[in-house]
1. Against the longest alpha carbon principal axis of the chain, how many degrees, from 0 to 90 and to the nearest 10, is the axis of helix 335-347 turned?
2. Using θ = phi - 60° and the Karplus curve 6.51 cos²θ - 1.76 cosθ + 1.60, what whole-Hz ³J(HN,Hα) does each residue of segment 244-257 get, with Gly and Pro shown as x?
3. Give me, ordered by chain and number, the residues 5 or more places off residue 266 or on other chains with an amide H under 5 Å from its own placed amide H.
4. Take every DSSP beta bridge with both residues inside the chain and express the antiparallel ones as a percent of the total, to the nearest 5.
5. With a 10 Å cut-off between alpha carbons and a GNM built on the chain, which of 387, 266, 48 moves the most?
6. Once Lys and Arg get +1 and Asp and Glu get -1 on their Cβ, which of 199, 139, 230 lies farthest toward the positive end of the dipole of the chain?
7. Quick one: among 342, 175, 397, which has the greatest mean-square fluctuation in a GNM of the chain with alpha-carbon springs under 10 angstrom?
8. For n ≥ 4 DSSP H runs only, could you compute -39500 (n - 2.57) per run for the chain, divide by its residues and tell me the 222 nm figure to the nearest 500?
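A short reminder: the numbers here are calculations on the coordinates, not readings from a lab. Predicted model, so just to flag it, every value in this text is computed and none were measured. Cβ coordinates were reconstructed from backbone atoms using ideal geometry, including for glycine residues, and neighbour counts include every protein chain displayed.
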Amino acid sequence: MEKINPPRGTADLLPAEKARHNLVIDLAREVAARYGFADMATPIFEFTEVFSRPLGASSDVVSKETYSLQDRGGASLTLRPEGTAPVMRALLSAGLTQQLPQKLFYSGPMFRYERPQKGRMRQFHQVGAELIGPGGPLADAEIIACGAALLDALGVAGSCVLHLNSLGDSESRQAYRTALLAYLEKYRSDLSADSQRRLTSNPLRILDSKEAADRAIVAEAPLLAEHLNSDSRAHFDQLCSALDAAGISWQMDHRLVRGLDYYCHTAFEFITDGLGAQGTVLGGGRYDGLSEMLGGPALPAVGFAAGVERLALLAAGPETKPVDLAIIAADEESLTACFALAVKCRAAGLAVDLPLSGNLSKKMKRVNQAGVRQALIIGAAELQAGTGQLRDMQSGAQQEIKLQQLPDRLVDLIAGKQ
Ligand code: HAM
């Protein structure tokens, strides 16, 4: 049979990888809970307009990367490329905008038709936290601190740098846009084709262009920070002071504009040099206009999302955890009795493997290779005597166990109580 691979940009999560993913997701949920965020979930697909307006028609995500389909009823649906717009949509759908603040955590698969490379997938996973309600800079600080705490819990904080910028309010951005356009127009013909197009659609995105030609021009461009009005300046300054007060180090990044249209004021990314080109492990910012873009009331909000694959690549992962015990039938006739014992022990909370094939030495070898610590060996003679041989696979020490005392004796032994 010809080898069948998963679709380009997707990956199976075999047990070792899934264990690392679970670790990232569980830790993220735990850290978010410490910050007061409650776990929730939204559907994997939404009506297309949930993304088209908030993320911006000219954003890469909406213009080139969505997986959209028409369902049999004629509705235009899009596999979610991110979780922020769906969370806000869910809040509006449930009529929860009067009960603020809302502090919500989520995790799950996202879909973007991107060119796959290390750390960049077409189906990937995010964990994210959204703080909806408060408009002040301390909310931004809380979100950034929560992201930093997640990286810390994963043991990867040391290799990540927090990049920070302010996009200001819409008045500041408008003033900056005018100044930036006046500057870039002088170099129009030297800009990359993509950036020339962005001159009309979204000039701020030219700032984070990776093209060498653009970078040289952008290096001399006017700075957003110089065009912030006093409110925007104050918001950013207070955020920076709050981060300093909590000992969270950061770096000003004038070119950080983020790829989605819904952002205002704070934009941030934690970037590592440990992953090659796809070094952003966690990013987010303030998105006060998103609720209105979805037809809701004005609702200040700020949040982050992190890539689970990228964090899993970076974090030293656990291997899959071996089961507590293997119950090994020494001969074919004892297998049914061993099966019944295994069911009983599992009901008592033990993780038990029951090797079903191979002779005794093959079974022992496989159990050993899997790293299982204890093996209970039972053959016809043992069944007759009502006993089993419990073998510590590391030391080789063996002791007789009365089958009548199962599962309690084993539960105690495995818990280290003897
Ligand atoms: P984002 O920067 O587009 O922001 O994605 C957040 C994180 O998801 C990235 O930093 C990266 O680690 C991961 N990621 C993105 N695309 C891919 C991909 N193709 N393959 C693997 N990992 C990827 C958002 O999605 C916003 N919703 C974040 C946010 C929350 N802003 C406010 N609240």
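1. Long axis of 335-347 versus the principal axis of the chain: about 50 degrees.
2. With coefficients 6.51, -1.76 and 1.60, one gets 4, 4, 8, x, 9, 7, 8, 10, 5, 10, 5, 8, 6, 10 Hz.
3. Answer set, sorted by chain and number: 167, 286.
4. Numbers: 51 of 62 bridges.
The answer is about 80 percent antiparallel.
5. Between 387, 266, 48, it is 387 that shows the largest mean-square fluctuation.
6. Of the options given, the answer is 199.
7. Sorting by GNM fluctuation, first place goes to 397.
8. Numbers: 14 runs with 149 residues, N = 418.
Mean residue ellipticity, 222 nm, calculated: -10500 deg cm²/dmol.
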